[in-house]
Amino acid sequence: MPVSQPAISAPELILSLVDSAADPALSAGYFVTAGELFGIDSPTTRVALTRLTKKGVLQQLERGVYGLGASGSTLHRTVVQWQRVEAALMQWSGGWLMVLVAHLPRSRTDVRRRDRALHLDGYAKTSTGVWVRPANLRGGLPAAHRRLTDYGLDDGAIVTEVTSVWPLRAFETETLWDTAALERGYRQHIAELAHSTGTLTGLGEDDAARETLLLGRRVTRAILTDPLLPAEMVDADLRSRMIRDMRDYDRLGKRCWRTFYRLHG
């Protein structure tokens, strides 16, 4: 029979634990014990610790004790941005940000990296090959270009803003984002957070820690990858409620993991 895969990888779990812990220094044994909650064996966890240390994501503070490294601090700041995504929004005046990439290298690796960066910042690709998103993010063109290059877009990509386009079908904006699916996701995550919050008190410490980490990661990933469309295109109030509920759940999850740390740290 095939071996079932853990619900979370060892590196992902390690970084989540560092983010959740009140103590900046965590032992290898603690990571191993936490890994066992998710079906990750000790050798896999220890290999992940070694690799993350070599990459600078972690640093070894003393033998068998780890904390965030220089690269990890940058990654940590990126991950916790989900709590502040709405601060980047401004009133939409109807304009569009456009990114031109047709002149850039077209290897499979280049295209995959470029598409990922553009999707992460909420852009969608039109039938003409131009990538667009509503111009409802603060900072103008310099900030838009900086965000995209931080996500991995080529520095030579051209970002521009337009206030109108003709013919209107050139953007096909009604089909570029599945807003109904986005709103279904908001409702689903709100319901999941509420249900989990109501049932955690009946779980043991280990089960509560595992559930809050897995659900929290799923919802924060949805927030980080949300295109942040304006209220004219999607139910922004529903999105705000999801983010607000996730902030409350995040505090609850951190308490669960601090209890776990007291028992196993």
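The values are calculated or read from the model by the stated rules, or taken from the named source; none is laboratory data. What you see is a predicted model; the values in this text were computed from it and never measured. Because the Cβ atoms are built from the backbone with ideal geometry, glycine has one as well, and the counts that use them run over all protein chains shown.
List of remarks:
- On inspection, R108 qualifies as of a type in the set (K, R), free of Cβ contacts under 8 Å to residues at least 24 places away in the same chain, outside the structural domain of M246 (by TED's automatic domain parsing) and more than 19 Å from V234 (Cβ to Cβ).
- Filter result for V47 (at pLDDT 90 or above, loosely packed, with under 15 Cβ neighbours inside 10 Å and either assigned by TED's automatic domain parsing to the domain that holds T220 or farther than 30 Å from I243 by Cα (or both)): yes
- If you go through the range 82-97 and keep only what is at negative phi and assigned to a loop (DSSP other than H, G, I, E, B), you end up with M90, Q91, W92, S93, G95.
- All positions within the range 224-240 that are in a helix (DSSP H, G or I) and at pLDDT below 95: L224
- Test: Y123 is at pLDDT 90 or above, more than 18 Å from P230 (Cβ to Cβ), aromatic (F, W, Y) and crowded, with 16+ Cβ neighbours inside 10 Å: no
- For the range 191-213, a residue qualifies if it is among the aliphatic types (A, V, I, L, M) and touching a residue at least 40 places away in the same chain (Cβ under 8 Å), and the qualifying residues are L193, A194, L200, A208, A209, L213.
- Restricting attention to the range 93-120, the residues being over 13 Å from the mean Cα position of the chain (by Cα) and crowded, with 17+ Cβ neighbours inside 10 Å number 7.
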